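Just below is one structure, and these are the notes that go with it.
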Amino acid sequence: MENNDLDFIHRFIPPPRNDKETNLTLLLLHGTGGTEDDLIPLGKELAPYASIFSIRGKVLENGMPRFFRRLEEGIFDLEDLKIRTNELAEFIIKSSLVYKFDLERIIAVGYSNGANMGASLLLSRPEVLAGAILFRAMVPFIPDILPDLSKKAIILLEGLYDPIVNRANAVSLLELFTKTHSNVKLEWQDSGHNITQEDIASAKKWLESYSNL
């Protein structure tokens, strides 16, 4: 399902008809070079009964879609990040009225650049998410005033041998979310920057056990 009156290229897939009632929506945020189609199989595997809301980033880096600009590997354009985060948050709010999903029941599932955008949403526009599953995320920025994320649940899934996100940065992200009083946990995978079956199993277990869902 697509709506050309909305601002981002995206797909919205309602939950399948079944006997299990749920109003959970997964917000899928791809990595650099991805599209709105990339993470849909992952979303369906994580929560078969959820709605899927998958968005394509607007920024192009050498023709590859991203959610915000970077100056070089690991160095973000913070002004662009701020603008793009607010733009995406407003789009999510507007889309919730069109597609009738509950902002208090939306979980971001982000990979790499999409995970960093998910972290940025939590830190600056937390009203649009209930929580997040972030694969290979790093610290997007440090807010001047930390938000109260005590009602948010977050899992960080990081690779021990990730050449892009080093261990110190992953731990710094954990510490940052801990300071916001969120229900956050970090799990290390025996891998690099790629998503593994172990990642998927951990994310699915977390999602199933999250009591508010």
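Each residue in the range 36-73 was checked for being open to solvent by 40 Å² or more (accessible area, probe 1.4 Å) and of a type outside the set (D, E, K, R), and 8 of them qualify. For the range 33-51, the criterion of a residue being assigned to a strand (DSSP E or B) and either touching a Pro at 6+ places or on another chain (Cβ under 7 Å) or over 27 Å from THR178 (Cβ atoms) (or both) is satisfied by at least one position. Counting the residues of the range 69-84 that are assigned to a helix (DSSP H, G or I) and among the basic types (Lys, Arg) gives 2.
What's the total number of residues in the range 67-82 that are under 19 Å from ARG125 (Cα atoms), out of contact with any Leu (no Cβ under 7 Å at 6 or more places or on another chain) and touching a residue at least 12 places away in the same chain (Cβ under 8 Å)? So the answer is 6. Does VAL171 satisfy being β-branched (Val, Ile, Thr) and either surrounded by fewer than 18 Cβ atoms within 10 Å (Cβ to Cβ) or at pLDDT below 95 (or both)? Taking the combined requirement at face value, the residue satisfies it. Filtering the range 83-101 to residues that are more than 16 Å from the chain's Cα centre (by Cα) and touching a residue at least 40 places away in the same chain (Cβ under 8 Å) leaves LYS94, SER95, VAL98, TYR99, PHE101.
Restricting to the range 156-168, what's the tally of residues that are under 18 Å from the mean Cα position of the chain (by Cα) and either open to solvent by 40 Å² or more (accessible area, probe 1.4 Å) or among the basic types (Lys, Arg) (or both)? Break it down into steps so the answer makes sense when it comes.
Initially, the range 156-168 is screened for residues under 18 Å from the mean Cα position of the chain (by Cα), giving 156-159, 164-165.
Retained after the next criterion (residues that are either open to solvent by 40 Å² or more (accessible area, probe 1.4 Å) or among the basic types (Lys, Arg) (or both)): 164.
Of the residues in that region, 1 qualify.
If the condition is being among the charged types (D, E, K, R) and surrounded by fewer than 21 Cβ atoms within 10 Å (Cβ to Cβ), then the range 127-151 contributes GLU127, ASP144, ASP148, LYS151. Looking at this structure, is LEU176 farther than 23 Å from GLU79 by Cβ and not aromatic (Phe, Trp, Tyr)? Taking the combined requirement at face value, the residue does not satisfy it.
The values are calculated or read from the model by the stated rules, or taken from the named source; none is laboratory data. No experiment lies behind these values; they were computed from the predicted model shown. Reconstructed Cβ throughout: ideal geometry from the backbone, glycine too, with neighbour counts over all protein chains shown. Areas reflect the complete protein model, heavy atoms only, side chains present, ligands, DNA and RNA absent. Shrake-Rupley method; radii C 1.70, N 1.55, O 1.52, S 1.80 Å.
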